[in-house]
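Undergrad: Quick one: the structure is below, questions incoming.
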Amino acid sequence: MLYWAECGAVKLVKLLGENEVEAVLQRLDRLTQDEARATAAQTLDVVYGLVHNMKVVMDGEAMPSNCPSFVVEHDL
């Protein structure tokens, strides 16, 4: 399997040139990093929303009408 990957890589370098392959790999790395940052930001946004909603429920504040209703049981 590694042999076929090496052959493909060699053919790609011959076809495009070493500089173009390097540029493509750098762009792919940058896109991967951007995707990771976007995913982390979305995850933090979801966690922040969950923490905020938990605080609202625990404080007994009224939920906005567009939020789904659910029952929370407290041990007092």
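Throughout, read-outs are computed from the coordinates displayed, never taken from laboratory work. Since we're looking at a predicted model, the values are computed, not measured. Note: ideal-geometry Cβ built from the backbone for every residue, glycine included; neighbour counts use all protein chains shown.
Undergrad: May I have the extent of the alpha carbons of region 2-59 along their three principal axes, as whole Å values ordered from largest to smallest?
TA: If we take the Cα atoms of region 2-59, the spans are 66, 23, 9 Å.
Undergrad: Turning to a different aspect of this structure: In nm, give the distance between the simple-model label positions of VAL56 and VAL10, each being 7 Å from the Cα along the Cα-to-Cβ direction.
TA: Rounded to a tenth, the inter-label distance reads 6.2 nm.
Undergrad: So how much slack lies between GLU22 and ALA41, counting 0.36 nm per residue of separation and subtracting their Cα-Cα distance, in nm?
TA: 4.0 nm
Undergrad: Sticking with this structure for a sec: Just to check I understand the Karplus step: with θ = phi - 60° and J = 6.51 cos²θ - 1.76 cosθ + 1.60, what whole-Hz values come out for region 22-37, glycine and proline as x?
TA: Along region 22-37, the couplings run 4, 5, 5, 5, 5, 5, 4, 5, 5, 5, 5, 5, 4, 5, 5, 5 Hz.
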